[in-house]
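Below you'll find the structure, written out as structure tokens, and then a few comments.
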Amino acid sequence: MVDNSLKTDGELINNGELIVDGLAHLNNDFSGKKVLITGAAGFLGTQFAYYFDCLNNSNTLDKPVKVFLWDNFIRGYPDWVEIFKNKKNFSVQKRDIITDSDYPDINYIIHAASIASPIFYRKFPIETIFSNITGLKNLLDFSVNNKNIDSVLFFSTSEIYGDPDSKNIPTKETYRGNVSCTGPRACYDESKRLGETLCVNYYNIHNVPVKIARPFNNYGPGLKLSDRRVLPDFFRNIINDENIVLLSDGSATRTFCYISDAIEGYLRILLSNHNGESFNIGRESPEISMLDLADKVINSSKKSLKVEFKKSKDREYLSDNPLRRCPDITKAKELLNFRPKISLSDGLERTYKYYLKNINNEEL
């Protein structure tokens, strides 16, 4: 029985409504359909779940979409999952995509099950590899002879590009990468690269309608403070009234894409007919240094804090860490009509507001 004290999160609902509005007529493709989301308790899975709930509540569809939320809950069991267990048209199950093979009757697969934080995938490198390869293969094998499958979305990563030279920034989908196959990040980078190879060949040989998303630094409500990526780390310092600590010189640059914009982009890929193709999803600007980002986070909090520089005890902390990461999203703009809307300043304010509201949530 659900705990009546638990409530759906307002910021995640707001984001879900933004996605519904952004997709406009494309939402209708989900009418009466069944969707499987793997890795549903993760950052991306969380916002996907809220989107589909908002869609069902929007009076947009002739028939509601049925959503299967699968996760092995290795990183915890968020409160919102318990809420969704009791929602109509949602089915929450503890499942392991590496070993489970009993799939429901579905039309769409969103394969978001993966360890994406460098701290954690370096801690569990073998588990990361098999999640990205064996789990994906199982889903593709299931899709081969299933005529009800309309589309499959595989989440790759911008890290498949490795550390591009300046001539390849912003980075296009055609760039082949500058990636170590044995370094501390290789378990993630190389398994995602092989995952893309699997997708392309399952489309070419078996005509599986699979597409590939390459995310560039998503952030926003739903991303745990314990995730250990840069923005959660910064906000954790802020919430604890601590100075932001940089374990580098702060010169590395990134662009950041707010979660509602990113999810809209991923759904545009899923609902497209561009089978066997990959798309960068992110923002082209601003490309901001980690030092400037830290200052921007401090400014968004309006606290009198500063940035400190320290050295990590982890010798490989900065190994294979790209100096720059910035996407060229021309392909997504032209073929998918993808247009990010939320500015970095607005997104940081929304994210900070979410963390403040959930400050007592242990899952953060």
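The values are calculated or read from the model by the stated rules, or taken from the named source; none is laboratory data. As the structure is a prediction and not an experimental result, all values here were calculated from the model. Counting neighbours? That spans all protein chains shown, and the Cβs are built from the backbone with ideal geometry, glycine included. Protein only, heavy atoms only, side chains kept; ligands, DNA and RNA dropped before computing areas. Shrake-Rupley method; radii C 1.70, N 1.55, O 1.52, S 1.80 Å.
Hey, can you tell me all the residues within the range 198-214 that are within 21 Å of Leu336 (Cα to Cα), open to solvent by 40 Å² or more (accessible area, probe 1.4 Å) and hydrophobic (A, V, I, L, M, F, W, C)?
Val200
Consider only pairs whose beta carbons are under 7 Å apart and that are at least six residues apart or on different chains; among these, list those whose first residue lies in the range 260-277 and is within 18 Å of Cys199 (Cα to Cα) and modelled with pLDDT of 95 or more and whose second residue is open to solvent by less than 10 Å² (accessible area, probe 1.4 Å) and not hydrophobic (A, V, I, L, M, F, W, C).
Ile269/Lys211; Leu270/Ser151; Leu270/Lys211; Leu271/Ser151; Ser272/Lys211; His274/Lys211; Asn275/Lys211; Glu277/Lys211
From the residues in the range 76-111 that are open to solvent by 20 Å² or more (accessible area, probe 1.4 Å) and hydrophobic (A, V, I, L, M, F, W, C), which one is nearest to the chain's Cα centre (by Cα)?
Trp80
Go through the range 122-173 and report how many residues are under 21 Å from Arg214 (Cα atoms), among the hydroxyl-bearing types (Ser, Thr, Tyr) and in contact with a strand residue (DSSP E or B) (Cβ under 9 Å, 6 or more places away or on another chain).
7
In this structure, is Ser114 buried (at least 18 other Cβ atoms within 10 Å of the Cβ) and touching a Pro at 6+ places or on another chain (Cβ under 7 Å)?
no
Evaluate the following for Gly220: is it open to solvent by less than 20 Å² (accessible area, probe 1.4 Å), of a type in the set (Gly, Ala, Ser) and either more than 20 Å from Lys303 (Cβ to Cβ) or under 16 Å from the mean Cα position of the chain (by Cα) (or both)?
Here the answer is yes, as Gly220 does meet what is asked.
Just give me the residues in the range 90-114 being in a loop (DSSP other than H, G, I, E, B), of a type outside the set (Val, Ile, Thr) and closer than 11 Å to Asn72 by Cα, in sequence order.
Answer for the range 90-114, where residues must be in a loop (DSSP other than H, G, I, E, B), of a type outside the set (Val, Ile, Thr) and closer than 11 Å to Asn72 by Cα: Arg95, Asp96, Asp100, Ala113, Ser114.
Considering only residues that are open to solvent by less than 20 Å² (accessible area, probe 1.4 Å), among the β-branched types (Val, Ile, Thr) and not in a loop (DSSP other than H, G, I, E, B), which ones fall in the range 144-197?
Val152, Ile160, Thr171
Would you check if Glu287 is touching a Lys or Arg at 6+ places or on another chain (Cβ under 9 Å), among the acidic types (Asp, Glu), within 30 Å of Asn107 (Cα to Cα) and modelled with pLDDT of 95 or more?
Spelling it out, it is not the case that Glu287 is touching a Lys or Arg at 6+ places or on another chain (Cβ under 9 Å), among the acidic types (Asp, Glu), within 30 Å of Asn107 (Cα to Cα) and modelled with pLDDT of 95 or more.
Condition (residue is open to solvent by less than 20 Å² (accessible area, probe 1.4 Å), among the small types (Gly, Ala, Ser) and in contact with a Pro (Cβ under 9 Å, 6 or more places away or on another chain)) applied to the range 277-298: is it met by at least one residue?
Checked against the condition, which is being open to solvent by less than 20 Å² (accessible area, probe 1.4 Å), among the small types (Gly, Ala, Ser) and in contact with a Pro (Cβ under 9 Å, 6 or more places away or on another chain), the range 277-298 yields at least one hit.
Which count do you get for residues in the range 24-38 that are closer than 28 Å to Ile115 by Cα and open to solvent by less than 10 Å² (accessible area, probe 1.4 Å)?
Residues flagged as closer than 28 Å to Ile115 by Cα and open to solvent by less than 10 Å² (accessible area, probe 1.4 Å) within the range 24-38 amount to 5.
For the range 117-142: of the residues being open to solvent by 30 Å² or more (accessible area, probe 1.4 Å) and among the aromatic types (Phe, Trp, Tyr), which is modelled with the lowest pLDDT?
Phe120
Can you tell which of Phe48, Phe52 is part of a helix (DSSP H, G or I), surrounded by 22 or more Cβ atoms within 10 Å (Cβ to Cβ), in contact with a strand residue (DSSP E or B) (Cβ under 6 Å, 6 or more places away or on another chain) and touching a residue at least 60 places away in the same chain (Cβ under 8 Å)?
Phe48
Kindly establish whether Asn14 is open to solvent by 40 Å² or more (accessible area, probe 1.4 Å), of a type outside the set (Val, Ile, Thr) and at positive phi.
When the stated conditions are applied, Asn14 does not pass them.
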